Amino acid sequence: MHSCGNVLPLQFIIKKEMVSVEGLSVEFSARPLFTDASFVVNDRDRIALVGKNGAGKSTLLKILCGMQQPTSGVVSIPNDTTIGYLPQVMVLQDDTTVREEAQKAFSHVHELKERIDRMNQELADRTDYESADYLALVERFTQEHDRYMMMGAENCEAELERTLMGLGFLRTDFERPTSEFSGGWRMRIELAKILLQKPDVLLLDEPTNHLDIESIQWLEQFLAQSAKAVVLVSHDRAFINNVSNRTLEISCGRIIDYKVKYDEYVVLRKERREQQIRAYENQQKEVADMKDFIERFRYKATKAVQVQQKIKQLEKIVPIEVDEVDNAAMHLKFPPCLRSGDYPVICEEVRKDYGEHTVFAQVNMTIKRGEKVAFVGKNGEGKSTLVKCIMNEIPFDGNLKIGHNIQIGYFAQNQAQLLDESLTVFQTIDNVAKGDIRLRIKDILGAFMFGGEASDKKVKVLSGGERSRLAMIRLLLEPVNLLILDEPTNHLDMPSKDVLKEAIKAFDGTAIIVSHDREFLDGLVTKVYEFGGGKVREHLGGIYDFLQSRQINELSELQSTRSTQSSQSTPSNNNYAEHKEQQKRLRKAERAVEESERKISDMERRLKELDGLLMDPVNASNMEFVTEYTTVKKALDEEVERWERLSEEYEQLTSI
């Protein structure tokens with residue numbers, strides 16, 4: 001059955017070519033963004049559009065949906081192909097409930113239902129059953145009713161609820177006015193409307209910026225299973241890799257098409273450039289040899305014919321081009337910080353209420369010096385609220401201690417919007433820089449891709465990514481030993497995120513990172529605090545350990561209860577040293593179990609390979625394979641026994 005979101009009657013027909021682009025060129029202020037681009041968007045394509053900030057990704061999406069015209073070239077879209085476009089910023093409505101706003105996605109369905117009802121009433125009122133006009137009306141009614149049924153229109157309401165809940169809304173939110181929600185949540189409503197319309201081509205510009213981890217995972221699944229063609233821009237590396245099966249790169253004024261998902265594109269791009277360099281070097285050697293021959297024998301009559309041949313060959317050579325590499329990535333280094341106390345942040349029974357609504361209660365948390373921890377959970381569950389409590393920006397109940405000698409560096413979600421728009425980039429930094437650092441402002445700005453004339457730009461003309469980088473520079477100007485970063489990667493491009501991640505990993509102090517970006521958090525944090533249901537739960541390990549444990553917990557109530565109990569156990573004031581030692585033992589036991597599992601997996605894989613080899617008659621009497629099989633099998637049995645012992649030890653530690 002066809003989904004209720006489709007806009008046009010012929011959309012259920014499978015189409016191969018959705019969008020055709022030929023010879024596309026775009027100039028911005030006389031500067032070419034890209035030239036002579038040609039590609040096709042086909043049904044079931046999941047295209048990741050990549051490139052550094054300012055390369056023209058958002059511009060290309062606007063051209064594909066008809067909101068902007070190219071300098072030259074043609075974009076061809078069949079008449080029966082529908083486009084759904086989610087921009088980074090849009091005008092939002094304030095006069096409806098969440099349900100009413102989402103129902104606007106089905107306006108075409110409601111119009112069709114009204115036409116069917118009118119025709120049905122006309123058929124009941126008329127009596128000229130034998131007339132040609134009546135029979136034509138019957139035919140139109142039948143066609144329109146079939147269309148309505150094919151749309152699955154009767155299921156629209158159920159699909160609306162599934163989509164809104166997948167994007168993080170509760171049923172109790174459906175009848176609330178949209179004006180009660182933040183801009184991020186209202187962007188989710190707009191995303192829901194676009195998804196419910198089921199267009200042939202989805203153009204999504206940073207769809208994950210306002211989503212939490214669970215909503216991102218839901219969107220990944222939706223795009224994989226339900227969408228037709230997708231072209232998306234995202235700086236969430238895990239999301240873009242999980243969704244994509246093709247990558248379009250905008251780099252140095254060209255658009256290059258890779259028929260693979262993002263991770264494979266990264267490898268292929270490197271290989272492609274290495275091949276180009278080798279071919280270029282070989283060609284340069286060949287050219288040099290030809291020129292040398294021509295110079296040596298130019299005036300020898302006996303070599304005149306060969307010289308002319310070399311000259312003609314030289315003229316016919318087409319120079320091999322080597323793709324440029326965009327090396328303009330920020331170089332971040334946090335300055336050395338003073339040594340803080342052992343426990344920069346201690347929360348004891350912290351609680352925050354807004355009127356009758358409890359954001360969280362009984363928060364017990366101890367963050368040690370040097371730890372990198374993540375705050376995760378759905379939007380609205382209190383992550384940023386607890387950050388504000390730590391910053392003493394809002395009142396709260398309970399005991400929250402900031403450790404000795406703590407100097408906080410704070411990057412808030414709205415930091416980029418708090419910049420003075422009347423100032424230039426240089427003035428913004430010059431106003432906060434102190435001492436010798438003022439002599440290095442130009443160098444710092446250059447490292448953040450504000451080199452040359454860019455430092456003279458007014459803040460009001462900067463993009464979201466540029467503003468974020470500028471706000472980040474301000475954070476770097478003074479040494480701190482506690483970093484609190486609230487969504488630091490929003491609007492940063494992938495190279496910038498990589499450099500920021502490495503800088504935080506090398507940071508001597510303590511870091512609290514509020515983020516929905518799994519790839520950014522992976523390998524960076526060693527502890528995850530999960531916000532949800534008015535509680536804050538501690539999970540030891542990295543972000544993917546946390547995600548895996550959540551999936552397991554949902555399958556088993558016993559494990560869920562045990563996990564919850566162990567994660568809620570926190571130290572008292574008099575027991576910090578014991579808690580520290582317990583965490584150390586737990587991490588060591590967890591690593592031992594993981595290492596044993598890796599060994600078992602490797603040995604099982606080798607036994608499978610040996611099985612295949614020994615089944616071949618050619619190897620039946622190969623004693624080397626037989627001996628290896630026996631040795632590996634014995635080692636596997638011993639390792640399984642060791643794994644069982646280690647797992648029991650780990651279980652005992654988690655139950656303490």
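Scanning the stretch 337-365 for residues that are open to solvent by less than 10 Å² (accessible area, probe 1.4 Å), assigned to a strand (DSSP E or B) and more than 13 Å from VAL536 (Cα to Cα) yields a total of 1.
May I ask you to verify whether GLU381 is open to solvent by 20 Å² or more (accessible area, probe 1.4 Å), of a type in the set (Asp, Glu) and out of contact with any Gly (no Cβ under 9 Å at 6 or more places or on another chain)? Show your work before the answer.
On the way: open to solvent by 20 Å² or more (accessible area, probe 1.4 Å): yes; of a type in the set (Asp, Glu): yes; out of contact with any Gly (no Cβ under 9 Å at 6 or more places or on another chain): no.
Considered against the rule, which asks whether it is open to solvent by 20 Å² or more (accessible area, probe 1.4 Å), of a type in the set (Asp, Glu) and out of contact with any Gly (no Cβ under 9 Å at 6 or more places or on another chain), GLU381 comes out as no.
Filtering the stretch 463-481 for residues that are farther than 24 Å from ASP517 by Cα, of a type outside the set (A, V, I, L, M, F, W, C), free of Cβ contacts under 8 Å to residues at least 60 places away in the same chain and open to solvent by less than 30 Å² (accessible area, probe 1.4 Å) leaves an empty set. If the condition is being open to solvent by 50 Å² or more (accessible area, probe 1.4 Å) and either of a type outside the set (Asp, Glu) or modelled with pLDDT under 85 (or both), then the stretch 416-431 contributes GLN417, LEU418, SER422, PHE426, GLN427, ASN431.
Among the listed residues ARG162, ARG176, identify the single one that is basic (Lys, Arg) and either open to solvent by less than 50 Å² (accessible area, probe 1.4 Å) or without any contact (Cβ under 8 Å) to a residue 40 or more places away in the chain (or both). Break it down stepwise before answering.
On the way: ARG176 fails: either open to solvent by less than 50 Å² (accessible area, probe 1.4 Å) or without any contact (Cβ under 8 Å) to a residue 40 or more places away in the chain (or both).
Only one candidate qualifies: ARG162.
I'd like to know if the stretch 129-140 contains one or more residues that are part of a loop (DSSP other than H, G, I, E, B) and open to solvent by 40 Å² or more (accessible area, probe 1.4 Å).
yes
Within the stretch 77-84, is even one residue open to solvent by 20 Å² or more (accessible area, probe 1.4 Å) and closer than 30 Å to ARG176 by Cα? Within the stretch 77-84, one or more residues are open to solvent by 20 Å² or more (accessible area, probe 1.4 Å) and closer than 30 Å to ARG176 by Cα.
Inspect all residues belonging to the stretch 263-270 and state whether any of them is surrounded by 13 or more Cβ atoms within 10 Å (Cβ to Cβ) and more than 28 Å from the chain's Cα centre (by Cα). Walk me through it before giving the result.
From the stretch 263-270, those surrounded by 13 or more Cβ atoms within 10 Å (Cβ to Cβ) are 263-266, 268-269; that's our starting set.
Cutting the leftovers down to more than 28 Å from the chain's Cα centre (by Cα) gives us none.
Scanning the stretch 263-270 turns up no residue that is surrounded by 13 or more Cβ atoms within 10 Å (Cβ to Cβ) and more than 28 Å from the chain's Cα centre (by Cα).
Within the stretch 508-529, can one find any residue that is open to solvent by 10 Å² or more (accessible area, probe 1.4 Å) and more than 21 Å from the chain's Cα centre (by Cα)? Yes - at least one qualifying residue is present in the stretch 508-529.
Take ALA412 and decide whether it is under 23 Å from THR208 (Cβ atoms) and either of a type in the set (A, V, I, L, M) or surrounded by 15 or more Cβ atoms within 10 Å (Cβ to Cβ) (or both). It is true that ALA412 is under 23 Å from THR208 (Cβ atoms) and either of a type in the set (A, V, I, L, M) or surrounded by 15 or more Cβ atoms within 10 Å (Cβ to Cβ) (or both).
Those helices (runs of 4 or more DSSP H) of the stretch 150-235 in which at least 3 residues are more than 12 Å from LEU86 (Cα to Cα) and among the aliphatic types (A, V, I, L, M), considering only elements entirely within it, cover 156-166, 213-225.
Close contacts from the stretch 635-648, counting a first residue that is without any contact (Cβ under 8 Å) to a residue 60 or more places away in the chain and a second that is among the polar types (S, T, N, Q) and open to solvent by less than 30 Å² (accessible area, probe 1.4 Å), with Cβ to Cβ under 9 Å and a gap of 6+ residues or different chains, come to GLU639/SER596; VAL640/SER596; ARG642/SER596; TRP643/SER596; LEU646/SER596; SER647/SER596. Between GLU286, GLU274, the distinction of being surrounded by fewer than 12 Cβ atoms within 10 Å (Cβ to Cβ) and either within 46 Å of the chain's Cα centre (by Cα) or free of Cβ contacts under 8 Å to residues at least 60 places away in the same chain (or both) belongs to GLU274 only. Of GLU122, GLU111, GLU27, GLU100, all but one fail to be open to solvent by 70 Å² or more (accessible area, probe 1.4 Å) and either assigned to a strand (DSSP E or B) or touching a Pro at 6+ places or on another chain (Cβ under 6 Å) (or both); the exception is GLU27.
Exactly one residue among VAL626, VAL640, VAL618, VAL593 is outside any loop (DSSP other than H, G, I, E, B), loosely packed, with under 11 Cβ neighbours inside 10 Å, of a type in the set (A, V, I, L, M, F, W, C) and modelled with pLDDT of 70 or more, and that residue is VAL618.
All conditions in (1) of a type in the set (A, V, I, L, M, F, W, C); (2) surrounded by fewer than 16 Cβ atoms within 10 Å (Cβ to Cβ); (3) in contact with a strand residue (DSSP E or B) (Cβ under 6 Å, 6 or more places away or on another chain); (4) not in a helix (DSSP H, G or I) hold for ILE320, with the sole exception of (3).
The values are calculated or read from the model by the stated rules, or taken from the named source; none is laboratory data. Treat the numbers as computed from the prediction; the structure is a model and nothing was measured. A quick note on method: Cβ atoms are made from the backbone with ideal geometry, for glycine too, and the neighbour counts reach across all protein chains shown. All accessible areas refer to the heavy atoms of the entire protein, side chains included, with ligands and DNA or RNA removed. Shrake-Rupley method; radii C 1.70, N 1.55, O 1.52, S 1.80 Å.
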